[in-house]
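The values are calculated or read from the model by the stated rules, or taken from the named source; none is laboratory data. For clarity, every value in this text was computed on a predicted model and none was experimentally measured. Every residue, glycine as well, gets a Cβ built from its backbone with ideal geometry; the counts of neighbours run over all protein chains shown. Ligands, DNA and RNA are stripped out before the accessible areas are found, and what is left, the full protein with its side chains, is counted by its heavy atoms. Shrake-Rupley method; radii C 1.70, N 1.55, O 1.52, S 1.80 Å.
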Amino acid sequence: MQVWKTVAEWLHYRKTLVGRSIGFVPTMGALHRGHGTLVERCRRENDIVVVSIFVNPTQFNDPKDLDRYPRTLESDLALLESLGTDHVILPTQGEMYPHGYRFKIEPDGRTHIMEGASRPGFLTGVMTVVMKLLNIASADRAYFGEKDYQQLRTVADMVEDFFIPTEIVACETIREESGLAESSRNKLLSADAHAKAAVIYKTLKTAANASDARSALEAAGFTVDYVEEHWGRRFVAAFLDGVRLIDNIPTPENR
Ligand code: PAF
């Protein structure tokens, strides 16, 4: 596995990769089983597996959230190596934003729901960095998890509208045995909160509708940001012990 500490060196090497299919998994590190399955699928479907690790500051609207985002580079690299990753790109902030936040990819008002409404600038930050990362990787396929479903949909729309020649591959949410969706933020939960967080998935599955799901989560001690249904799926964002967790599953009629 080769680790590229600058984008410039990677781009130079990238020119030599011709005639082989390239799969790409963009990440912010703090890797878990969910990322692991993206990399495994990428490994199965491509000749060369490229992963990026970059904690993107422009997608955090709360600087405290950015500060406490878990950073676990050593174990991330060990996991990626064990999964047969060929290349890891570790861009620096100076390379990704050499002139500050000079250009932005701004999705329109149709995305101003759920994450787009609750986290101002989040989707703009994600689309901007994903556009940069897709250009850097020049991959045939890029892999995104369904846990961040609104992000995944918006990326797929951006790729279509900007004629980016990378296929966006959607991958199912990976869950712990309790049903809790795998997330880097789970690392921030206390043991008690971790056990309780499984209520989110159970409630998504059993509630008759979004409003019942909200009431059940509030009764269980969560601070609910939203429970909404769109695109045949039920979505939730809720805080537990100050940690913001999201999840989504198909609505009952789509299961
Ligand atoms: O889902 C993530 O980890 C991030 O939003 C992404 C796609 C790597 C962009 O920073």
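Any idea how many residues of the range 91-111 are in contact with a Pro (Cβ under 9 Å, 6 or more places away or on another chain) and of a type in the set (G, A, S)?
Total satisfying the criteria: 0.
Which number in (1) free of Cβ contacts under 8 Å to residues at least 60 places away in the same chain; (2) within 17 Å of V155 (Cβ to Cβ); (3) within 11 Å of the ligand (Cβ to nearest atom) marks the one condition that H112 misses?
(3)
This table checks each residue for (1) within 30 Å of R119 (Cβ to Cβ); (2) within 16 Å of the ligand (Cβ to nearest atom); (3) free of Cβ contacts under 8 Å to residues at least 24 places away in the same chain.
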position: V25; (1), (2), (3): yes, yes, no
position: I53; (1), (2), (3): yes, yes, no
position: R71; (1), (2), (3): yes, yes, no
position: A78; (1), (2), (3): no, no, yes
position: G84; (1), (2), (3): no, no, no
position: G94; (1), (2), (3): yes, no, yes
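List the helices (runs of 4 or more DSSP H) that sit entirely inside the range 111-169 and contain at least 3 residues that are at pLDDT 95 or above and buried (at least 19 other Cβ atoms within 10 Å of the Cβ).
So the answer is 122-137, 149-161.
Are there any helices (runs of 4 or more DSSP H) wholly within the range 1-93 with 2 or more residues that are open to solvent by 30 Å² or more (accessible area, probe 1.4 Å), at pLDDT 95 or above and more than 19 Å from D148 (Cα to Cα), and if so which?
Once the helices (runs of 4 or more DSSP H) in the range 1-93 are filtered for at least 2 residues that are open to solvent by 30 Å² or more (accessible area, probe 1.4 Å), at pLDDT 95 or above and more than 19 Å from D148 (Cα to Cα), what remains is 7-14, 33-45, 73-82.
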